[in-house]
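Input: a single structure, listed below in structure tokens.
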Amino acid sequence: MIRGILDFLRSGMDTPVPAQRRKIFFEGGPDHIYAVGDVHGCDDLLSRLEDLIFEDSRKRDGTKWLIMLGDYVDRGPKSASVLDRLISKPRADITRFCLAGNHEDVMLDFLRNPSSNHRWLDFGGLETLYSYGLHKLPTNRQALKNLLQSRIPDEHVDFLESLPSMLSIPGFCFVHAGLRDGVALTEQEDADLLWLRPVATAKAVATNGVMAIHGHTPVADVEIGSARINVDTGAYMSGRLSAVRLSRRNAPEIIQCS
């Protein structure tokens, strides 16, 4: 199913399937981790959520990470502003990691092989282009490519290309979409990490002994289970952007803004 979606999105394109993104493995983690769900161009919400996270972090001793779970672009109105924010230094004493989402992958496919009928444009891509001031696309591919290069900063493209598909610490694995049951973390494929949907038949215990922290599948409220935590509360639809704080000595705590 997942590969079928990927093939559909790439249909008519001559781009080879990209190499697997890097995966980051740490032997230990910080004292506190804030994991943020899908932003989808909602920069105003992200600004408010950052304020709440940074305020919370100032009350806590020890090391702190902020992990963004992917899907920064598309759907919402300010994707370019979101990327500007994420390539800048955080406003607090916190280390930020950004992971790739499936929407970043499809945006890159469009930028590498631009076409006025590319599937990305019906996948939230038009809203992203609007955020760069692009409201009318030329039908000529070379003219379109030249326009994109003139309006979308190289720093944004480099950022999208550099995003890892996984960050793992003992006990937890952070990904955009989810983990494939029964597959070692080192062998997980981007097609699953960026596109997989949870199913009712999934195991109730953590895959490979780690809990997956993910987004990708919108839910009404943050889901905290024994095998995974879903932080995607559909910001561009619901007007609520969510995060979860994982601390060494406390139960997970939800932080939200609207």
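The values are calculated or read from the model by the stated rules, or taken from the named source; none is laboratory data. The shown structure was predicted, so the numbers you read here are calculated from the model rather than taken from an experiment. Every residue, glycine among them, receives a Cβ derived from its backbone with ideal geometry; neighbour counts consider all protein chains shown. Surface areas here come from the heavy atoms of the whole protein model, side chains and all, with no ligands, DNA or RNA. Shrake-Rupley method; radii C 1.70, N 1.55, O 1.52, S 1.80 Å.
The residues of the stretch 64-200 expose on average 41 square angstrom of accessible surface per residue, using a 1.4 Å probe on protein heavy atoms.
With all protein chains in place and a 1.4 Å probe, the accessible surface of the stretch 97-166 carries 45 percent carbon and sulfur. Among LEU126, LEU137, LEU194, the residue with the largest mean-square fluctuation in a Gaussian network model of the chain, with springs joining Cα atoms closer than 10 Å, is LEU137. Distances between placed amide hydrogens fall under 5 Å for GLU223 paired with ASN230, all partners being 5 or more residues away or on another chain.
Model label sites at LYS145 and ALA92, defined 7 Å from Cα along the beta-carbon direction, differ in position by 4.4 nm. At the residue level, THR95 shows approximately 70 square angstrom of accessible surface with a 1.4 angstrom probe and all protein chains present.
Straight-line reach from LYS145: taking Cα to Cα under 17 Å and skipping same-chain neighbours fewer than 8 places apart, the lysines in range are LYS136. In a simple Cβ point-charge model (Lys, Arg +1; Asp, Glu -1; nothing else charged), the stretch 124-237 has a dipole of about 340 debye relative to its Cα centre.
Only protein heavy atoms count here; under a 1.4 Å probe, THR233 has an accessible surface of about 10 Å². Taking the Cα centre of the stretch 116-181 as reference, the dipole from Cβ charges on Lys and Arg (+1) and Asp and Glu (-1) amounts to some 320 debye.
On C-alpha positions alone, give me the angle between the axis of helix 141-151 and the longest principal axis of the chain, in degrees, nearest 10. Taking Cα atoms only, the helix is inclined about 50 degrees. Backbone geometry of the stretch 242-248 corresponds, through the Karplus equation with coefficients 6.51, -1.76 and 1.60 at θ = phi - 60°, to 3J(HN,Hα) couplings of 10, 9, 10, 9, 10, 10, 4 Hz, x marking Gly and Pro. Comparing mean-square fluctuations of VAL244, VAL183, VAL157 from a GNM of the chain with C-alpha springs under 10 Å, the top value falls on VAL183. Most fluctuating residue of ASP192, ASP74, ASP84 in a GNM of the chain with Cα springs under 10 Å: which is it? Highest fluctuation of the listed residues: ASP84. The lysines whose alpha-carbon is closer than 24 Å to the alpha-carbon of LYS89, local same-chain residues fewer than 8 away aside, are LYS23, LYS59, LYS64, LYS78. Helix 43-58 axis versus longest C-alpha principal axis of the chain: approximately 20°, rounded to the nearest ten.
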